[in-house]
Amino acid sequence: MITDNANKVLLSGKIVTEPVYSHSVYGEAFYEMMLAVPRLSSHEDILPITISERLMTDREIGAGSFICAEGQFRSYNKIEYGKSRLMLTVFVRELLDAPPVSPNHIELEGYICKPPVYRTTPFKREICDILLAVNRAYNKSDYIPCIAWGRNARFVKSIAVGQKIYITGRIQSREYQKKLSETEFETKTAYEISVNKILFDGDAATAAADAAEYGDAEEQL
């Protein structure tokens with residue numbers, strides 16, 4: 001059974017771009033924009049969000065607006081230069097009147113769909129990349145990249161493909177340099193979940209109860 005709790009996002013922040021028309025479904029138009037969400041440090045994550053026109057009728061939504069939102073982190077494929085690219089966005093389901101406890105919180109329940117990739121940085125920080133398949137209605141799935149740090153990286157690196165897990169964390173934006181040639185580089189932005197808790201299937205209720213109280217040192221960055 002698929003529930004809304006399999007993919008739940010709470011965000012609050014300031015819209016930093018004007019809404020741009022994305023697409024329509026059964027006559028309902030959807031708009032894309034970027035939301036600046038503060039971290040506990042002085043940095044911000046600049047995240048893509050998608051909002052229905054029906055949520056924009058009762059309030060002014062545009063660059064400079066502060067919003068609090070509940071939704072889902074979704075993925076879709078987009079063809080660019082003849083290649084398929086995984087795109088990610090926060091699909092806003094409701095605009096909230098009061099900010100959530102954390103300005104950036106996500107809970108996902110899904111399946112490991114690729115072997116985890118474990119590595120260490122030049123500064124000896126342990127990192128593990130995982131790709132999580134999260135089911136939703138109408139036989140669709142969202143493929144969400146996640147990154148675990150430290151003890152979580154060591155824990156998740158040996159989890160088998162197909163294992164169902166529950167995670168909590170935050171959505172982060174990260175710039176990186178893509179090499180185009182020996183002399184040319186392009187700055188791109190990746191979106192991923194910075195994980196602060198990982199549990200196996202069956203422990204989700206426990207995680208949901210204390211997720212807001214649990215933190216990891218990487219969450220401060």
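The values are calculated or read from the model by the stated rules, or taken from the named source; none is laboratory data. Everything quoted here is computed from the prediction, not taken from an experiment. Positions of Cβ are generated from backbone atoms using ideal geometry, with glycine treated the same way; all protein chains shown enter the neighbour counts.
Of the numbered criteria (1) surrounded by 13 or more Cβ atoms within 10 Å (Cβ to Cβ); (2) within 28 Å of residue 66 (Cβ to Cβ); (3) β-branched (Val, Ile, Thr), the one residue 101 fails is (1). Every condition in (1) more than 19 Å from residue 105 (Cβ to Cβ); (2) modelled with pLDDT of 95 or more holds for residue 172 except the one numbered (1). In the set (1) out of contact with any Phe, Trp or Tyr (no Cβ under 7 Å at 6 or more places or on another chain); (2) within 21 Å of residue 6 (Cα to Cα); (3) not aromatic (Phe, Trp, Tyr), residue 162 fails one condition alone, (1). The one condition from (1) within 20 Å of residue 51 (Cα to Cα); (2) under 19 Å from the mean Cα position of the chain (by Cα) that residue 98 does not meet is (2).
Got at least one residue in region 185-208 being more than 18 Å from the chain's Cα centre (by Cα), more than 30 Å from residue 13 (Cα to Cα), modelled with pLDDT of 85 or more and not in a strand (DSSP E or B)? Taking every residue of region 185-208 in turn, none turns out to be more than 18 Å from the chain's Cα centre (by Cα), more than 30 Å from residue 13 (Cα to Cα), modelled with pLDDT of 85 or more and not in a strand (DSSP E or B).
Go through (1) in contact with a Gly (Cβ under 9 Å, 6 or more places away or on another chain); (2) at pLDDT 95 or above; (3) not in a strand (DSSP E or B) and name the single condition residue 219 misses. Only one criterion in (1) in contact with a Gly (Cβ under 9 Å, 6 or more places away or on another chain); (2) at pLDDT 95 or above; (3) not in a strand (DSSP E or B) is unmet by residue 219, namely (2).
Of all residues in region 95-124, those that are touching a Lys or Arg at 6+ places or on another chain (Cβ under 9 Å), within 20 Å of residue 40 (Cβ to Cβ) and not small (Gly, Ala, Ser) total 5. Being within 20 Å of residue 189 (Cβ to Cβ), of a type in the set (Ser, Thr, Tyr) and surrounded by 14 or more Cβ atoms within 10 Å (Cβ to Cβ) is a property that does not hold for residue 81. Could you tell me which residue of region 1-48 is surrounded by the fewest Cβ atoms within 10 Å (Cβ to Cβ), considering only residues that are within 14 Å of residue 68 (Cα to Cα) and among the charged types (D, E, K, R)? By that ranking, first place goes to 14. Checking each residue in region 1-60 for being part of a loop (DSSP other than H, G, I, E, B), touching a helix residue (DSSP H, G or I) at 6+ places or on another chain (Cβ under 9 Å) and closer than 27 Å to residue 110 by Cβ picks out 39, 40. Taking residues in region 61-86 that are among the aromatic types (Phe, Trp, Tyr), and partners anywhere that are buried (at least 16 other Cβ atoms within 10 Å of the Cβ), the pairs with Cβ atoms closer than 7 Å and at least 6 places apart or on different chains are 73/7; 73/9; 73/88; 73/90; 73/106; 73/142; 73/144; 73/171. Within region 110-163, the set of residues being within 24 Å of residue 77 (Cβ to Cβ), surrounded by fewer than 16 Cβ atoms within 10 Å (Cβ to Cβ) and charged (D, E, K, R) comprises 114, 140.
Show the residue pairs that are 6+ apart or on different chains and have beta-carbon atoms under 7 Å apart, the first residue being within region 164-183 and surrounded by fewer than 21 Cβ atoms within 10 Å (Cβ to Cβ), the second being not in a strand (DSSP E or B). Taking only residues 6 or more apart or on different chains, the pairs are 164/201. Residues in region 135-158 include at least one that is without any contact (Cβ under 8 Å) to a residue 40 or more places away in the chain, in a strand (DSSP E or B) and assigned by TED's automatic domain parsing to the domain that holds residue 193.
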